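Q: Please find one structure pasted underneath; my questions will follow.
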Amino acid sequence: MIKSQTKNKTARGNSAQFFVAGELCRRGHSAVVTLGNTPNTDILCSNEEGTRFVHVQVKTYVPGNRTVTVGLKAEKNFGENFIWVLAGIPSSESHTPFEYYIVPSRLVAENVSESHRRWLDEAEALGRSRKDNPVRVISIPPSVCYNGWSIEQFKNRWDLIDDLLS
């Protein structure tokens, strides 16, 4: 990857966190981007009273891509108040709309783990081998994960965060 692509990827990831935080604030919540200072939390979000909190992990992809890379930590259920936001952030020249999938940690953990296991098993069943690695992915609709899971039902489900904070 050349330097400008790396910079663009970093800028897209950083901007995604602020776009997500902005949407959460627009919805009446308090959202703080942690700037990498909080393990497993890109955005810490609370209700107006500061009595309920949600940890948000943001993963960025380019709309039109078939997958988003989430890594090994996606296999861990961090609890009810941990939410993944998969953010499709188009390039500045694009007219493609932004995409957001808001998915509870429990569902990400269950499905990413099972899907990765099936990916490994598929090669073995065909007499091939795949080397296990720390890369984990979630398929972006209309694609589905190896276990058949689709995140389509989580598109723009900001209400899942709203409900946790009410």
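Bear in mind that the values in this text are calculations on the coordinates, not laboratory data. Remember, it's a predicted structure, so these values are computed and weren't measured experimentally. As a convention, Cβ positions derive from the backbone with ideal geometry for all residues, glycine included, and neighbour counts pool all protein chains shown.
Q: By how many degrees, 0 to 90 and rounded to 10, does the Cα axis of helix 105-125 deviate from the longest principal axis of the chain?
A: Approximately 10 degrees, to the nearest ten.
Q: Still on this model: How would you classify the stretch 3-165 from its alpha-carbon gyration tensor, with a ≥ b ≥ c the square roots of the eigenvalues: rounded for a/c under 1.5, else prolate if a/b is greater than b/c, otherwise oblate? Working shown, then result.
A: Working: a/c = 1.91, a/b = 1.44, b/c = 1.32.
Prolate shape, in that a/c is at least 1.5 and a/b is the bigger ratio.
Q: What's the FRET efficiency of ARG52 with LYS131 using the Cβ-Cβ distance as r and R₀ = 35 Å, to the nearest 0.05?
A: Calculated value: 0.25.
Q: Sticking with this one: Mind scanning LYS73/LYS131; LYS59/LYS131; LYS9/LYS131 and naming the pairs with a C-alpha gap bigger than 22 Å?
A: Values: LYS73/LYS131 18 Å; LYS59/LYS131 24 Å; LYS9/LYS131 26 Å.
Over 22 Å Cα-Cα: LYS59/LYS131; LYS9/LYS131.
Q: For helix 3-26, what angle does its Cα long axis make with the longest principal axis of the chain, in degrees from 0 to 90 and rounded to 10?
A: Roughly 50 degrees, rounded to the nearest 10.
Q: Between SER30 and GLU110, what is the label-point separation in nm under the 7 Å Cα-to-beta-carbon projection?
A: 3.3
Q: Can you give me the relative contact order of the chain as a percent, contacts being Cα pairs under 8 Å and 6 or more apart?
A: 20
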